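> The following block contains the structure, expressed as C-alpha cells.
Each value in this text was obtained by applying a stated rule to the coordinates, not by laboratory testing. Here the structure is a predicted model, which is why all the values come from computation and not from measurement. Methodologically, a virtual Cβ is constructed for each residue, glycine included, from the backbone with ideal geometry; neighbour enumeration extends over all protein chains shown.
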Amino acid sequence: MIKDARFWEKHDDRIRCFLCPHNCVISQGKFGLCSVRINANNALKTINYGEITAIAMDPIEKKPLYRFEPGRKILSVGSFGCNFSCDFCQNYSIAHYRAESRYISPDELAELCRSTEDNIGLAFTYNEPSIWYEYVYDASRLLKERYPEFKAVLVTNGYIQTEPLLKLLPYVDAMNIDLKAFNKGYYKNICGGDIEHVKRTIEESHDKCHVEITTLLVSGLNDSPEEVASIASYLASLDRDIPLHLSRYFPTYKMTLPPTDIDVMLKSRDIARQYLNHVYLGNM
Ligand code: SF4
C-alpha cells in the first residue's frame, strides 16, 4: 500500500528524506536509495506499507536472540527494500527486488499475532525494518497498546536516524542489531553505509530494550583478531552483558570469497570472550 511517509522536508524543488542517515535528496518521480520511498508530486510516499513478502513462526533463537524469551516462538514478518547494499546479502530477493507481497493491516497483524498459538509477539525481520518505518511503528504501537503482554522485536542493520529511532523504541522489546565490521572502509565499500551511525543506534538502544549484536565474519575482510577484539571491546565499553553472535560467512549473492575458516571462528569466539560475557557462534 502507498502511504504518506514521515521524516522528510522540501529541499528546493526536491525532497530530503531524513529517516535514515543516507539523507537522500529525491527528485520528482524518483526513489531514494532504499527503493521504497518516492517523491510523488512533491510529497514523500512509502510504497511498502503493510506489504508482507514473508511470514513465518520462527524460534526466537533464529533472529538470533539467545537471551530473550529462550525456547519461544515469534511471528515473523518482512517486506521488501533495504538501505544497505551488502555484497553478501542473504535476503537479496526481497531486499533488492520487488518481491510478491500481500497487504496486511496493522490491525489484522495484531489479531493474527494474538490468535497464533504459542506465539510471544511480532518480529520485523527478513528485510530492513528501518525503511519499513511507518508500518513497523504503527503495527508495534497498536500491538503494545492493545496486547501489552506481546513482544515487539526488530532485526536491523541499525541504519536509522536518532529521531525516528527514539520515537519507535518505546514500542520495542528487543533488537538484534548488525555490527557488520569495525572499520569505515568495510561499511562504505561492502555495505554502502557509515559505521558511526550504527554505533549511535547501538548506544541509544542498549539501555532502552534488550539488545543483541550480530557480526558476520567474512574471510579476510573483517575476521582479523584485531578487528574482532575491537568489536568486543567496544560492546564491553557499553555493557559486558550485551550478547555477541559471530556468524560464519558462506558465499552468496555478489560475494564469492570462500567460507570463513572454522579455526578463525573458534579463535574469534575466544578473543571476544575476553571482553564479553555472552559470545555465540552461528552458521557453523
Ligand atoms: S529511508 Fe530511503 S529514501 Fe530515506 S534517506 Fe534512507 S535510503 Fe534515502
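> Can you give the helix-only mean residue ellipticity at 222 nm for the chain, where every DSSP H stretch with n ≥ 4 adds -39500 (n - 2.57) and the sum goes over all residues, rounded to the nearest 500 deg cm²/dmol?
Helix-only estimate at 222 nm: -7500 deg cm²/dmol.
> I've got another one for you. Test of understanding: what is the full-extension gain from TYR103 to LYS254, defined as 0.36 nm times their sequence separation minus their Cα-Cα distance?
Between TYR103 and LYS254, full extension yields an extra 51.3 nm.
> Next question, about the same structure. Could you tell me which of the pairs LYS144/LYS254; LYS151/LYS199; LYS151/LYS180; LYS73/LYS184 are separated by over 31 angstrom between their Cα atoms in the structure shown?
LYS144/LYS254; LYS73/LYS184
> Based only on other Cβ atoms within 10 Å, what is the fewest-to-most ordering of LYS10, LYS151?
Listing LYS10, LYS151 from fewest to most nearby Cβ atoms yields LYS10, LYS151.
> Under the definition of Cα pairs under 8 Å and six or more residues apart, what whole-number percent is the relative contact order of the range 199-284?
35
> With everything on Cα atoms, drop me the angle between helix 195-205 and the longest principal axis of the chain, reported from 0 to 90° to the nearest 10.
80
> So what's the angle, to the nearest 10 degrees on a 0 to 90 scale, between helix 106-115 and the longest Cα principal axis of the chain?
50
> Also, I was wondering about something else. Which lysines have a Cα less than 25 Å from the Cα of LYS30, not counting those fewer than 8 places away in the same chain?
Cα-Cα hits under 25 Å: LYS3, LYS10, LYS45, LYS188.
> According to the square roots a ≥ b ≥ c of the eigenvalues of the Cα gyration tensor, what is the shape class of the range 67-115, taking rounded for a/c under 1.5, prolate for a/b larger than b/c otherwise, and oblate for the remainder?
oblate
> What is the order of MET175, MET255, MET265, fewest Cβ neighbours within 10 Å to most?
So the residues, fewest neighbours to most, are MET255, MET265, MET175.
> Run down the aspartates and glutamates and flag those whose C-alpha is under 17 Å from the C-alpha of LYS267, throwing out any fewer than 8 positions away in its chain.
LYS267 reaches ASP223, GLU226, GLU227.
> Further question on the same structure: Just in the range 106-197: which GluC sites (Glu not before Pro) are loop by DSSP and have at most 13 other Cβ atoms within 10 Å?
GLU117, GLU149
> If you average the sequence gap of Cα pairs under 8 Å that are 6 or more apart and divide by the length of the chain, what percent do you get for the contact order?
Rounded, it is 14 percent for the chain.
> Would you mind classifying the range 3-46 by shape? Square roots of the alpha carbon gyration tensor eigenvalues, ordered a ≥ b ≥ c; an a/c under 1.5 is rounded, otherwise it is prolate if a/b is larger than b/c and oblate if not.
rounded
> OK, next. To the nearest 10 degrees, how steep is helix 133-146 against the longest Cα principal axis of the chain, on a 0 to 90 scale?
90
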